[in-house]
1. Would you please give the FRET efficiency between K218 and I148, computed as 1/(1 + (r/R0)^6) with r the Cβ-Cβ distance and R0 = 35 Å, to the nearest 0.05?
2. For N83, put the label point 7 Å out on the Cα→Cβ axis and report which residues of the stretch 14-49 keep their amide N under 15 Å from it.
3. Sort the stretch 80-141 into rounded, prolate or oblate with this rule: let a ≥ b ≥ c be the square roots of the eigenvalues of the Cα gyration tensor; rounded if a/c is under 1.5, and if a/c is not under 1.5, prolate when a/b is larger than b/c, oblate otherwise.
4. Tell me, in nm to one decimal, what length is gained between S422 and N460 on full extension, where the rule is 0.36 nm per residue of separation less the Cα-Cα distance?
5. Putting +1 on Lys and Arg Cβ atoms and -1 on Asp and Glu Cβ atoms, find which of I341, L393, G366 reaches farthest to the positive end of the dipole of the stretch 327-421.
6. Amide H neighbours of A63 under 5 Å, at least 5 residues apart or on other chains, H built in the peptide plane: list them.
7. State, to one decimal in nm, how far the label point of L429 lies from the label point of L277, with both points 7 Å from Cα in the Cβ direction.
8. When ranked by the protection proxy of mean other Cβ atoms within 10 Å per residue, highest first, what sequence do the peptides 159-166, 330-337 form?
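Laboratory data are not the source of any read-out in this text; all were calculated from the coordinates shown. Since the model is a prediction, treat every value here as computed from it, not as a measurement. Virtual Cβ from ideal backbone geometry, glycine too; neighbours counted across all protein chains shown.
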Amino acid sequence: MKLGNILQAITTGMVKGNLDKEISGIQMDSRQIKEGDLFVAVKGTQTDGHAYIGKAIEKGATAVVCETLPETLSETVTYIQVNDSEDAVGRLATTFYGDPTSKLDLIGVTGTNGKTTIATLLYNMFRKFGYKAGLISTVCNYIDGEAIPTDHTTPDPITLNQLLGRMADEGCKYAFMEVSSHAVAQKRIGGLKFAGGIFTNLTRDHLDYHKTFENYLKAKKAFFDGLLKTAFALTNADDRNGLVMTQNTKAKVATYSLRSLADFKGKVLEDGFEGMLLDINNREVNVQFIGRFNASNLLAVYSAACLLGKQPEDVLLLLSTLRPVSGRFDSLRSTKGYTAIVDYAHTPDALTNVLNTIHEVLNGRGKVITVVGAGGNRDKGKRPIMAQEAVRLSDRVIITSDNPRFEEPQDIINDMLAGLKSNDMNKVLSITDRKEAIRTACMLAQAGDVILVAGKGHENYQDIKGVKHHFDDKEVLSEIFKNENNQE
Ligand SMILES: CC(=O)N[C@H]1[C@@H](OP(=O)(O)OP(=O)(O)OC[C@H]2O[C@@H](n3ccc(=O)[nH]c3=O)[C@H](O)[C@@H]2O)O[C@H](CO)[C@@H](O)[C@@H]1O[C@H](C)C(=O)N[C@@H](C)C(=O)N[C@H](CCC(=O)O)C(=O)O
Ligand SMILES: Nc1ncnc2c1ncn2[C@@H]1O[C@H](COP(=O)(O)OP(=O)(O)OP(=O)(O)O)[C@@H](O)[C@H]1O
Ligand SMILES: N[C@H](CCC[C@H](N)C(=O)O)C(=O)O
Ligand SMILES: [Mg+2]
């Protein structure tokens, strides 16, 4: 595509050089540059992309978008000055990749918990309706049936637009994506036209990055503020910030609720370890999910599908066929007669919800043993609260490592233990090695008990000092269960 055409997406300041050249790709990382690419210099949290303009040109960049022009300019390179290159990069990328969101309906899901669940279930449902669809999520990205691994919830703007571009080219009619608060704050979604936005809930997380809850809320709200008039803004009326999210949006607001009057109203009529019976807008439906929070997620899925023009009775039929997402309340049964549940709960609120759900279903008929840790180089404030919630709602707690990243595992465990009182310690063990921690929980469990292994869900690695070692909670449990069988 010609440089001049790509630049139509943005307002430029000073331009030096030829705009009539062909651009072969866009990059915001100098290390990814190939001959003929456009390099966008973005100020980041660790370093400033402007420092790598020279490196990008050495590697073959023929055009540079930046906020401040370098002192010495190369004759063969075109320089374009902009006020905000972070904002420009998404707009440039979406133009370069053929404006995919004008060819498909993109639905974004934001909130602290439930994004992966809702986005994935919508993707599964719309494929069952017979459409080609795409998914951008924490667990994996999909272009219809093709899986593309990811290590972000919302990818960087270039990867994101490349994925959406491929979805549009391959005839996807819908794309469902998670919109993380980091993505909104870093304008990774700049230039995208959403057909709808969904809000799940807001509780504490990521305060390492956003610093205050207020900033975290503002980042989420900015997503709804930016929606077009033609879009829908679907919000959870049960969350205390549900209506705050949509108060300044131009989009058509719709609400869902399990507790009060709303456009989409749901109720849990029965629940058990096998599933729930729900009432949705006065129609009953059996679903294969456990827990009130999943009733809320399913109600969001139902509402979004209706807002996208599907008939309520068709939506309900498909809702009853959907299955839980990997690592979200994923249960395994030991032949010793206890149940282990692997869940991605890595925030205090998610942990509380999962444990409450287990109690609702157990109904006092067994003990609850929780294995939990907290991620390194992430929000430290949530650590003591997660330990408190685990202790409050479990009979035994084993505090262990999650992804230590660049922190010392024992320091993270100590931050968690700092939230506990001395008499809490009677039911607490701390075991740094996660495999040992899970093994110990299995040794303690008796028939009828439930072990919750929280925090890592679908993850199949443990990130230690920048190296991802293979680790899979479900695999560890299956191995232990196999050995239990062999011993019998
Ligand atoms: C803290 C954070 O969010 N960082 C993200 C951010 O990077 P950054 O601002 O730190 O970038 P930087 O290292 O300072 O570099 C600045 C610029 O210089 C460029 N550079 C740098 C070095 C070089 O040699 N050449 C070069 O050109 C970089 O490519 C970048 O454009 O922008 C990058 C590109 O979009 C992201 O990949 C990166 O994600 C990091 C890896 C990360 O771990 N992010 C996590 C916290 C995150 O985003 N999580 C959310 C989900 C959270 C949730 O809801 O659960 C997510 O959406 O995944
Ligand atoms: N609606 C909800 N309310 C509260 N907790 C929930 C809800 N839905 C899911 N959870 C809990 O949060 C965990 C993560 O769920 P999910 O992966 O769907 O959320 P997410 O928003 O995508 O998280 P992330 O920010 O890590 O991508 C689940 O394992 C479950 O414990
Ligand atoms: N997307 C979240 C996932 C956290 C998962 C947990 N296992 C951890 O490593 O803290 C994050 O990057 O904060
Ligand atoms: Mg997610």
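1. Details: r = 31 Å, r/R0 = 0.89.
The formula returns an efficiency of 0.65 here.
2. 14
3. Details: a/c = 3.47, a/b = 1.72, b/c = 2.01.
Oblate shape, in that a/c is at least 1.5 and b/c is the bigger or equal ratio.
4. Values: separation 38, 0.36 × 38 = 13.68 nm, distance 3.45 nm.
Separation in residues times 0.36 nm, less the Cα-Cα distance, equals 10.2 nm.
5. Comparing the listed Cα positions along the dipole, G366 ranks first.
6. F39, T78
7. Placing both labels 7 Å beyond Cα along the Cβ direction yields 4.1 nm.
8. Numbers: 159-166: 22.2, 330-337: 14.9.
The packing order, highest mean first, is 159-166, 330-337.
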